[in-house]
Structures are given as C-alpha cells and as structure tokens.
1. Looking at (1) closer than 25 Å to B:D181 by Cβ; (2) of a type outside the set (D, E, K, R); (3) not in a strand (DSSP E or B), which is the one condition that is false for B:F20?
2. Would it be correct to say that B:G370 is surrounded by 24 or more Cβ atoms within 10 Å (Cβ to Cβ), modelled with pLDDT under 95 and out of contact with any Phe, Trp or Tyr (no Cβ under 9 Å at 6 or more places or on another chain)?
3. Pairs, please: C-beta under 7 Å, at least 6 apart or cross-chain, first residue within 9 Å of chain A (Cβ to nearest Cβ) and in segment B:57-74, second aromatic (F, W, Y)?
4. Taking only segment B:71-106 into account, find how many residues are more than 22 Å from the chain's Cα centre (by Cα), of a type outside the set (V, I, T) and either within 29 Å of B:E136 (Cβ to Cβ) or not in a helix (DSSP H, G or I) (or both).
5. What helices (runs of 4 or more DSSP H) completely inside segment B:424-542 contain at least 1 residues that are touching a Ser or Thr at 6+ places or on another chain (Cβ under 9 Å)?
6. Filtering segment A:22-32 down to residues that are more than 13 Å from the chain's Cα centre (by Cα) and facing another protein chain (nearest Cβ under 10 Å), which residue is surrounded by the most Cβ atoms within 10 Å (Cβ to Cβ)?
7. Contact list please: Cβ distance under 9 Å, first residue in segment A:1-21 and over 17 Å from B:T57 (Cβ atoms), second residue among the acidic types (D, E) and within 9 Å of ligand 1 (Cβ to nearest atom), pairs at least six apart or on different chains.
8. When segment A:3-38 is examined, which residues are found to be more than 10 Å from ligand 1 (Cβ to nearest atom), in contact with a helix residue (DSSP H, G or I) (Cβ under 9 Å, 6 or more places away or on another chain) and not polar (S, T, N, Q)?
Amino acid sequence: MIEVIDAERCTSCDICVNVCPTNVFDKTDGIPVIARQGDCQTCFLCELYCPEDALYVSPFADETQPVDVVALKRTDTMGSYRRAVGWTDDTRDRRGVDRSYLLFGH
Amino acid sequence: MTIPTHRAERVSAPAGSVEFDADVLVLGGGPAGTWAAVNAAERGARVVLADKGFCGTSGATAAAGTGVWYIDPDPALRETAMANREKLGGYLQDRRWMARVLDGTYQQSNRLADWGYPYPLDDRGRSQRNSLQGPEYMRLMRKRTKQAGATILDHSPALELLVDDDGAVAGASGVRRQKHDRWTVRAKAVVIATGGCAFLSKTLGSNVLTGDGYLMAAEVGAEFSSMEFSNPYAISPAFGSVTKTLFYGWATFSYEDGSVVPDAASKGGRSAIARALLQGPVYARLDRADDDVQHQMRVSQPNFFLPFDRTGIDPFKDRFPVTLRLEGTVRGTGGLRIVDDSCATSVPGLYAAGDAATRELICGGFTGGGSHNAAWAMSSGTWAGQGAADYAAQLGRATGRKLSSAGTIAFRSRSRRAFEPAALARAAQDEVYPYGLNYFREASRLQGALARLDAAWRDVSEADAAGEADVLRAREAAAMLATARWMYRSALARPESRGMHRRDDFPDLDDRQRHYVTTGGLDEVWTSVRPHADVAYAEAAE
Ligand code: SF4
Ligand code: SF4
C-alpha cells in the first residue's frame with residue numbers, strides 16, 4: 001500500500017492525484033494527501049509517474065507497514081521502479097530490453 | 001494518415017453536471033477501450049471515453065506486463081498456434097474467430113510499432129512483438145486516443161446506461177469523482193470496455209475491475225456467455241499483489257516443513273497448490289531459474305521483484321509464502337455475449353470489447369496466460385470501435401430521441417433499509433474467494449452459495465438508494481453480487497469438467513456438452529444452452 005509522500009521532494013504537481021487509478025490521493029493547497037489508503041491496490045503506478053521520486057509504495061497489499069523514509073532515501077529505494085523500467089532520463093535504454101520472448105513457452 | 005477529427009460537443013447542462021453530445025461513448029480506458037476509441041474516431045465518429053480511474057493506468061494491463069498472442073502470418077505457424085489451444089480450452093473455440101484475431105493482432109501490433117512502441121530486438125535484430133510492458137503500452141494508448149480526437153473523461157465512472165424509447169442504448173451517465181459532479185454523454189452507440197470482475201481481490205491492477213459494465217448491460221437486457229469459466233486464481237506472494245504466473249514456472253512449492261507439495265506447478269498443477277493451501281501455508285522458491293533466466297526475468301518484469309527487493313527476500317534462494325488470488329472473469333473467459341463480427345451485443349447500440357466481452361471465441365474455457373486476452377483486447381476493441389461508429393453513422397442525426405436512465409439497483413428509493421456497500425461486497429467475496437466453492441465446484445456447494453447470493457440480492461433490492469458518496473461503491477458491490485450469481489448458475493448448468501471449470505461431482509469432460517452456456521437476468525437469473533458452431537454444422541449435415 002502507498003505509505004509515503006515525501007514533503008521534502010514533492011513539488012505539488014498533483015500528477016499522482018490524477019494517475020492513481022483507484023483515487024487514493026486528494027489535492028490540497030500544498031502537497032497531496034493519502035486520503036483513502038485502504039483503496040490502494042498496490043500497483044506501484046504512482047511511483048512510476050512521480051517525477052520527483054517522492055512516493056513509496058510498500059509491497060504489503062493488505063496491511064499498513066511502518067516505514068523509515070530516511071533509510072528508503074539512503075538506499076535509493078524511492079524511484080527504483082522508475083529507473084528499472086527506463087522512465088528516467090539516464091535509464092531510457094531500459095525501455096527496450098524486454099526479454100519475455102525468451103521466457104515464453106517454458 | 002491525416003484524420004479529420006470530429007470532437008464530441010460539450011452542451012449546456014444544469015449546475016453540478018457536465019453533458020456531452022457524441023456519436024460513440026466508450027466506457028473503460030484500458031487496451032480494449034482505447035483501441036475502440038481510436039478506431040471509432042478514425043471512422044469519423046465523435047468519441048468520448050470515460051474511465052473509472054485514469055486512462056493509461058487503469059486496469060489489469062497497465063500495472064503489469066503481458067504476453068501477446070502475436071503470430072507471424074505464416075499459415076503453418078498460425079495453424080499450430082490455433083491447434084495448440086483447442087484441448088486446453090475444452091474444444092469451445094471458434095476457428096474463424098481465432099484466425100480473425102491473429103490477423104487483427106498482427107495488424108494492431110504493427111501500428112504500435114509505427115507509433116513508437118519500443119519493441120525489443122533479438123540477437124538477430126528482429127523486432128519481438130509477443131510481449132508488451134503495461135505502463136509503456138497504456139501511456140502510448142492514452143496519447144493515441146487523444147491524438148485521434150477522442151475526449152477522455154478520467155475518474156469518471158459510469159453508473160447507468162441511457163436508452164431510447166425502443167430500448168436501444170443511447171449513452172450513459174456517471175460521476176466525476178474528483179470534481180464531485182455528474183456527467184452525462186448522449187451517444188448513438190456505447191462500447192462496454194470496463195474489463196471483467198476480479199472481486200477486489202487485489203490481483204495486480206484489478207481493483208477497478210468490479211463488473212460495473214456487466215451490471216449496466218444487464219439492466220438493458222444484455223446476455224452473457226461462458227460465465228462458468230470464471231475461476232482462475234493467480235499466484236502471488238502471500239503478502240503482496242504482484243501476480244506473474246509465468247515466472248512461477250521455475251518455482252518449487254513446499255509445505256511449512258520444507259517438504260515438496262506433490263504435483264504442484266504454476267502450469268498444470270495449480271490445483272495442487274490450492275488443495276495444499278486449504279491445509280496450511282505454501283511456500284515457493286524460484287530455484288529452477290538459472291542465471292540467464294534470472295537476468296531475463298529482472299529486465300522483463302521489474303515489478304515482479306518489488307515485493308522481494310523491498311522485503312529483503314531473494315526469490316531464487318529464499319522460500320516465501322504464496323497465495324492464490326482470484327482473477328474471476330478478468331482471466332476467465334466469460335463476459336458479454338458477442339453476436340456478430342462487429343462485437344455487437346444482443347442489445348441494439350451496445351458493443352462489448354476486451355475482458356468485458358466473452359473470450360470464448362478464441363479461448364474456449366481457458367485462457368492460460370494473458371496473451372490471448374491482450375490479443376482479444378486489441379482486436380475486439382478495434383472491431384467494436386468501428387462497429388459502433390458505423391452503427392452511429394447509419395442512425396443519422398437521431399435528434400429528438402427521448403432518453404431514460406436504465407439504472408435500477410442502488411438508485412431506487414425504498415425506505416426499508418440502508419444500502420451498505422462494504423458489507424455487500426464482502427458477502428459476494430465470501431462466496432467466490434474460497435477454493436472449496438469456486439476452484440473446486442460441486443452441485444450442493446454451488447446451490448448453497450447461490451441461495452445465500454440470491455438472498456443477498458433480494459435484500460439489497462429492497463434497500464434505499466445509495467447516497468452521493470456511496471453510490472459508486474454500491475453499484476460496484478451490486479455488480480460483484482450479480483456476477484457471482486451468473487457464474488454459479490452457469491456452473492450448475494454445466495455438469496462436467498471442461499476448460500478451467502472443474503466439478504468434483506463430474507470430473508470428466510462430457511462430449512455431449514460441447515456447447516455454450518448463456519446467462520442473464522438480475523432479479524431472476526436464467527441460463528440456456530447454445531450449440532457450438534462445429535456441432536451445429538455437423539447436425540445440419542446429418
Ligand atoms: S507526483 Fe510526486 S511530486 Fe507530484 S504531487 Fe505527487 S508526490 Fe508530489
Ligand atoms: S500504488 Fe496504485 S493504487 Fe496505490 S496509491 Fe499508487 S497508484 Fe494508487
């Protein structure tokens with residue numbers, strides 16, 4: 001479930017509010033809030049779309065988890081999914097490396 | 001190709017609402033919906049696409065990666081691809097449709113390449129087109145939908161259809177949940193592309209898929225087919241949402257004490273996992289993946305590793321607990337019945353595409369991975385969009401039609417009791433999640449579940465209209481409940497095991513039941529049987 005909007009990084013662009021398919025966030029005058037955490041479907045898509053690596057989705061789908069934001073930043077966990085799929089400027093080459101065709105038919 | 005675009009017109013509306021005048025309204029903004037919108041617009045239709053969430057992230061495809069049933073147009077390869085599926089699907093596929101879908105998928109995939117989808121190149125420099133990365137694919141489809149001239153309404157779940165005096169579908173209305181107002185689109189044709197129903201099981205990306213389109217379609221009298229093929233379960237870490245069944249092909253499954261679960265496998269042995277889960281926890285370890293395979297998995301599906309990397313589990317070395325999450329009709333093959341090549345339903349003006357429609361024509365009673373669903377979404381979306389545009393054009397100006405709202409449940413004022421969406425959703429889940437009811441089916445257990453589901457339906461039929469804040473949840477819960485009833489009535493109407501439908505009391509395939517089960521109805525759920533095309537021809541020839 002979504003656990004963190006990091007106030008330090010967030011620029012209040014509201015992209016996450018728009019793209020979350022289950023409408024978990026609400027706009028505010030400042031940074032968005034996680035208004036309906038229980039509706040989160042743990043799809044990690046808000047992380048992909050956040051341009052500032054300000055979001056963290058915990059992999060636990062059914063329960064909330066305590067998270068250590070300092071550690072998440074230190075280990076570069078925030079933004080790791082975006083980099084892995086090639087949605088950052090310096091990882092763009094990863095967009096075309098799908099090797100599923102070697103795995104099908106197993 | 002330059003396309004003259006005609007845009008849907010925003011017309012004046014009372015305060016607290018927006019209204020559009022369109023030719024084609026597409027409900028749902030996943031692969032099928034976007035392909036429908038693009039193709040309808042290319043035929044000159046004025047198109048509105050309304051998505052419950054955000055077109056581009058909504059649905060089962062956007063969050064995941066999917067194989068695509070893409071086969072080069074070589075007759076021998078295509079023949080093998082079709083023949084391979086027949087036994088799995090219980091001999092219910094239709095060859096003509098399989099060939100059509102292979103053609104359609106080939107063409108749409110070529111368009112994706114032209115549009116810049118970053119297909120990978122293999123060692124020999126050939127573009128490999130049998131897999132799509134969900135986020136990348138759906139971001140592109142959103143862009144193309146806009147470029148085609150369609151108007152996208154995000155966070156705008158449809159709640160009910162509009163019909164004219166003759167009962168033809170003529171639009172829909174719903175809420176804009178971030179703007180806290182209502183929308184209405186008057187249209188000459190509507191494409192239902194709202195996906196299947198996964199009962200809020202949190203299988204990856206599926207929580208927007210609650211069967212909403214089924215409920216709306218049923219309210220105007222649409223029919224469903226193959227709803228008994230609705231019980232696939234996907235493997236995920238017990239704590240997580242990421243279901244990627246393909247990769248578990250390299251797993252060994254074990255009990256708590258470390259001993260191996262006999263016959264358990266991702267493919268062909270998932271029922272052994274279900275049976276073991278009925279006894280206690282089951283663990284997996286992907287210990288059959290060598291270094292090359294591990295690397296290919298990582299680059300192909302980064303999200304598969306998020307639950308592991310973020311909990312310090314090495315899935316290739318460590319055992320981790322797994323569960324089976326219900327995928328319902330998202331990965332099942334049941335859905336709205338298609339009556340012709342343009343993906344029309346049995347109701348005039350209403351079309352269906354993607355997982356909202358039955359996939360029986362290409363999958364019979366079993367889908368396996370997502371690749372057939374992906375191929376079906378591209379092909380059926382294209383045909384439904386074109387069909388809806390042609391229907392709209394043939395209807396002409398269609399002015400002066402008197403439209404009425406078709407919504408029933410959650411809209412009727414009955415003072416007797418309040419509508420409780422959360423309790424209703426749980427009541428449906430309690431009957432469809434248990435492996436002992438849905439995975440392994442048997443007459444008396446199905447009848448027991450149906451009695452409880454029917455009672456819940458009668459109950460909620462007498463409930464008061466849902467409030468503004470609750471109406472979407474109320475409709476979702478009612479749709480789940482209705483879906484469960486079509487599933488189990490159809491399951492009872494098929495006393496045999498075929499495709500994914502397995503009956504403990506009828507464990508074998510029965511040659512005399514090579515037919516389709518049709519279902520429908522809300523207060524009274526009915527079923528009937530339609531012959532398979534091959535059987536019908538054979539009988540005619542006798
Ligand atoms: S997308 Fe990221 S930066 Fe933008 S509002 Fe959301 S958290 Fe903040
Ligand atoms: S993980 Fe998915 S459902 Fe959860 S907040 Fe992010 S986008 Fe929304």
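1. The number of the failed condition is (3).
2. So B:G370 passes the test.
3. Short answer, once both residue conditions are applied: B:G67/A:F104.
4. The qualifying residues number 8.
5. The helices (runs of 4 or more DSSP H) meeting that bar are B:443-461, B:471-492.
6. If we take residues in segment A:22-32 being more than 13 Å from the chain's Cα centre (by Cα) and facing another protein chain (nearest Cβ under 10 Å), then A:T22 is surrounded by the most Cβ atoms within 10 Å (Cβ to Cβ).
7. So the pair list comes out as A:D6/A:E52; A:D6/A:D53; A:R9/A:E52; A:R9/A:D53; A:C10/A:E52; A:T11/A:E52.
8. A:E3, A:E8, A:P21, A:V24, A:D26
The values are calculated or read from the model by the stated rules, or taken from the named source; none is laboratory data. From a predicted model like this one, the values you see are computed outputs, not experimental measurements. Using ideal geometry, Cβ is built from the backbone for each residue, glycine included, and neighbour counts are taken over all protein chains shown.
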